[in-house]
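The values are calculated or read from the model by the stated rules, or taken from the named source; none is laboratory data. As the structure is a prediction and not an experimental result, all values here were calculated from the model. All Cβ positions, even for glycine, are placed from backbone atoms using ideal geometry, and neighbour counts span all protein chains on display.
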Amino acid sequence: MILIIKNIPSITQESELGDFVAPALKLCLLFPFKLGNILKTDIFCLKNMKTNVLSFHGRIFIDDEKAGKRVIEKLHGKRFKNKIVEVREYFIRSQKNDRRLTQQPVSTEILEKRKGERRCNIKHQGDQAAYTNVFDTENVYQISRRLRNDFYDY
């Protein structure tokens, strides 16, 4: 199982990442048995192209599935070098199984409908008043976008 640890500090070494995960692999304090072993650790950096912000993440390869789930359970939301980290399973996706690439195109008729009209299944003919669809039939508390914008423009 491959785990990803998000939001780690930039000065983190791979050995420190392994030392952070190792106690979570132990069964309990009384028994020195381990559920799984750490096979490999690595650190990579991602850059946000819009904001030029770097974020550092670590990958940990663990040989046992049950041990990986235990590590996620124990370390998710914990502090590592004064930063709260997010631990989750790392999925390797192939391009042939990617839904975004195999998705059918959406028809222009659906894209041109307003949100309220899609939910209500209403088809307008001819000229309508400016506030014809003020409330959504499913949720009467949701005000249409146009009415909400007029309300807040003082």
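A few comments on the model shown:
- Checking each residue in the range 1-56 for being out of contact with any helix residue (DSSP H, G or I) (no Cβ under 8 Å at 6 or more places or on another chain), within 18 Å of residue 73 (Cα to Cα) and among the basic types (Lys, Arg) picks out 6, 26.
- Filtered residue count, the range 5-48, keeping only those that are of a type in the set (A, V, I, L, M), surrounded by fewer than 16 Cβ atoms within 10 Å (Cβ to Cβ) and outside any helix (DSSP H, G or I): 6
- Residue 83 meets each of the listed conditions (1) more than 16 Å from residue 20 (Cα to Cα); (2) surrounded by 10 or more Cβ atoms within 10 Å (Cβ to Cβ); (3) basic (Lys, Arg) apart from (1).
- Test for residue 91: is it touching a strand residue (DSSP E or B) at 6+ places or on another chain (Cβ under 7 Å), aromatic (Phe, Trp, Tyr) and modelled with pLDDT of 50 or more: no
- The listed residue being at pLDDT 65 or above and either surrounded by fewer than 14 Cβ atoms within 10 Å (Cβ to Cβ) or in contact with a helix residue (DSSP H, G or I) (Cβ under 7 Å, 6 or more places away or on another chain) (or both), out of 65, 138: 65
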